[in-house]
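As structure tokens, the structure follows; a few thoughts come after it.
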Amino acid sequence: MTFQKIDGIIKHYDRVIKGVDKKAKLSKKRAYGGVLRAEKGRLVEEITKKLIKIAWEDILNQSSKNLQFISQKFQIPIRNEYIERLNDEELKRYILENKKDYFYEYKPDIVVSISDNIVMFVECKSYTENAMFKRILVDFHLLKTLYPKADFVLVQLESQLGGDYSELKEKVFGSPQTHTLLSYFDVDIEIITLLKGERQVDKPIHKREYFKPLTRESLERAIKIIARKLRKWAS
């Protein structure tokens with residue numbers, strides 16, 4: 001059954017990636033690049049949700065009734081320490097009087113809930129480079145202040161982070177730049193790459209000559225990582 005689900009994911013990937021170039025060219029409502037980004041982003045979210053379900057139901061043998069994907073915006077409140085150190089007393093007083101309006105709002109791509117407990121946040125990207133990763137890192141760092149026990153995961157089709165993220169090995173050492181960024185924040189992020197080979201800007205995978213296959217081995221590796229994260233929530 002698991003093999004059938006994995007093969008279904010691969011077929012869906014092939015269909016979307018091989019057809020997205022034509023779809024983008026025919027679109028009259030959105031620009032070519034906008035259609036590509038939207039379709040690829042949606043594809044990664046769809047694949048990731050399926051991988052999470054396989055990990056929970058097939059690998060960990062848990063009930064599908066306990067697993068939910070929540071669509072929700074989260075409000076990270078202003079910190080009291082910041083208000084207290086303001087030198088402008090008038091500004092401080094104004095913020096305190098309107099404190100309910102001071103927050104940063106963020107909507108993750110995927111929020112995983114198990115038995116009504118939020119346990120995992122996932123960002124889904126067609127590719128990630130370190131400037132993009134820095135934004136993800138800040139957002140996850142802020143979310144951790146609300147959910148300190150949750151896991152944080154980045155799922156990307158291709159990697160542009162450097163290092164060996166794109167080699168899909170059992171043991172990944174990452175890249176110097178990415179680890180340096182991580183060292184400044186109190187949050188651990190699991191980075192899962194689905195396609196082998198570093199992303200090359202001039203060789204987009206939606207072009208037939210640069211197409212990269214999504215393999216069963218890659219998906220099985222991703223499922224194994226996700227299952228390891230979810231195992232502590234299994235009954």
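Annotation: of all residues in the stretch 99-114 being in contact with a strand residue (DSSP E or B) (Cβ under 6 Å, 6 or more places away or on another chain) and acidic (Asp, Glu), the one that is farthest from Trp56 (Cα to Cα) is Glu105.
When Lys100, Lys92 are checked against the criterion of being outside the structural domain of Ile6 (by the TED database) and touching a helix residue (DSSP H, G or I) at 6+ places or on another chain (Cβ under 7 Å), Lys92 stands alone in meeting it.
Of everything in the stretch 99-120 that's of a type in the set (A, V, I, L, M, F, W, C) and within 22 Å of the chain's Cα centre (by Cα), which residue is most open to solvent (accessible area, probe 1.4 Å)?
Taking the stretch 99-120 first, the residues of a type in the set (A, V, I, L, M, F, W, C) are 103, 110-112, 114, 118-120.
Keeping just the survivors that are within 22 Å of the chain's Cα centre (by Cα) gives 110-112, 114, 118-120.
Working: Ile110: 2, Val111: 1, Val112: 0, Ile114: 5, Ile118: 34, Val119: 1, Met120: 3 Å².
Selected residue: Ile118.
Kindly indicate which of Leu142, Leu146 is under 17 Å from the mean Cα position of the chain (by Cα), in contact (Cβ under 8 Å) with a residue 24 or more places away in the chain and open to solvent by 40 Å² or more (accessible area, probe 1.4 Å). Matching residue, one of Leu142, Leu146: Leu142. Going through (1) over 25 Å from Lys232 (Cα atoms); (2) assigned by the TED database to the domain that holds Lys224; (3) part of a helix (DSSP H, G or I); (4) in contact with a helix residue (DSSP H, G or I) (Cβ under 6 Å, 6 or more places away or on another chain) one by one, Met132 falls short only on (4).
Across the stretch 210-230, the qualifying residues are those that are open to solvent by less than 60 Å² (accessible area, probe 1.4 Å) and not hydrophobic (A, V, I, L, M, F, W, C), and the one among them that is nearest to Arg199 (Cα to Cα) is Lys212.
Would you call Glu46 within 30 Å of Pro204 (Cβ to Cβ) and open to solvent by 30 Å² or more (accessible area, probe 1.4 Å)?
The answer is yes for Glu46.
Within the stretch 192-235, the residues that satisfy the criterion of being assigned to a helix (DSSP H, G or I) and not charged (D, E, K, R) are Tyr210, Ser218, Leu219, Ala222, Ile223, Ile225, Ile226, Ala227, Leu230, Trp233.
The values are calculated or read from the model by the stated rules, or taken from the named source; none is laboratory data. Everything numeric here is computed off the predicted structure, so don't read it as measured data. Here Cβ is always computed from backbone atoms with ideal geometry, including for glycine, and neighbour counts include all displayed protein chains. Each accessible area value is taken on the protein alone, full model and side chains, heavy atoms only, with ligands, DNA and RNA left out. Shrake-Rupley method; radii C 1.70, N 1.55, O 1.52, S 1.80 Å.
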